[in-house]
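**Q** This is the structure, below, for whatever I ask next.
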Amino acid sequence: MRRQSREDFVGASRWTSTSMPYLKPRPPGQGDAWRADAAAQGRRGSQRIVHAGEVRAPSEVARLLGVPDEELVVVRRRLILLDNEPNELTDTYYPVAIARGTPLAGAAKIRGGAVTLLAELGHVGTLVREDVTAALPEEEEQQALRLAATEPVLRLTRLTLDRDDQPIQVDRMVMPAQRQQLRYEIRIG
């Protein structure tokens, strides 16, 4: 019997990620998009809400949301798990005018996911911009994602705008580069 190598493990644990399932509200009664996406690939997706509530906006988030630096925003910090293993860290930020006093500001899971709740609140994304960069992980990221200091991560920042080009959400994701494949499909016409 052949012993499994690191390459076998990496290939077997690689996750192919597309953004589309996470951009549209879910039909009534359906769970969150991550769990459904993982299940469709024969895997188990879950998440832990690490923190939710109001925080001072980091500079990049403030710029993307169009608010002054250090202004209060609502954040949901999550550890995304694939087959019970850390797969991604995601911080999702919302303007307080949209999220204050809603389940977005709380640590409970949201039926159908945050995008579905945003739509119910009258905020539907119509334009998404994503930027992806690579870097070495910060110490906190190493620990949460179980990485060595020399294992690179992908950083994906997603800005969602409504039909009036107003920002409604900023996602900042950190993923182990060797365990990810990002797939973009663009339909023209």
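Since every read-out is calculated from the coordinates, none of them should be taken as a lab result. Everything numeric in this text was worked out from a predicted model, so none of it was measured. Using ideal geometry, Cβ is built from the backbone for each residue, glycine included, and neighbour counts are taken over all protein chains shown.
**Q** Could you tell me the calculated FRET efficiency between Ser46 and Glu139, based on Cβ-Cβ distance and R0 = 22 angstrom, to the nearest 0.05? Please report the intermediate quantities before stating the final value.
**A** Values: r = 25 Å, r/R0 = 1.12.
About 0.35, to the nearest 0.05.
**Q** Students often check this: by mean Cβ neighbours within 10 Å, which of 62-70, 142-150, 84-92 ranks highest, and how do the rest follow?
**A** Values: 62-70: 15.4, 142-150: 13.3, 84-92: 18.9.
Highest mean packing first, the order is 84-92, 62-70, 142-150.
**Q** At what distance in nm do the modelled label points of Glu71 and Ala107 sit from each other, each positioned 7 Å from its Cα along Cα→Cβ?
**A** Between Glu71 and Ala107, the label points sit 2.8 nm apart.
**Q** Turning to a different aspect of this structure: With the convex hull built on the Cα atoms of the stretch 110-189, state its orientation-averaged projected area in nm².
**A** Details: hull surface 28.8 nm².
Hull-based average projected area comes out at 7.2 nm².
**Q** Then there's this: How long is the gain from Asp165 to Asp83 if the chain were fully straight, where each residue apart is worth 0.36 nm and the alpha carbon distance is subtracted?
**A** Values: separation 82, 0.36 × 82 = 29.52 nm, distance 3.69 nm.
In short, 25.8 nm is gained.
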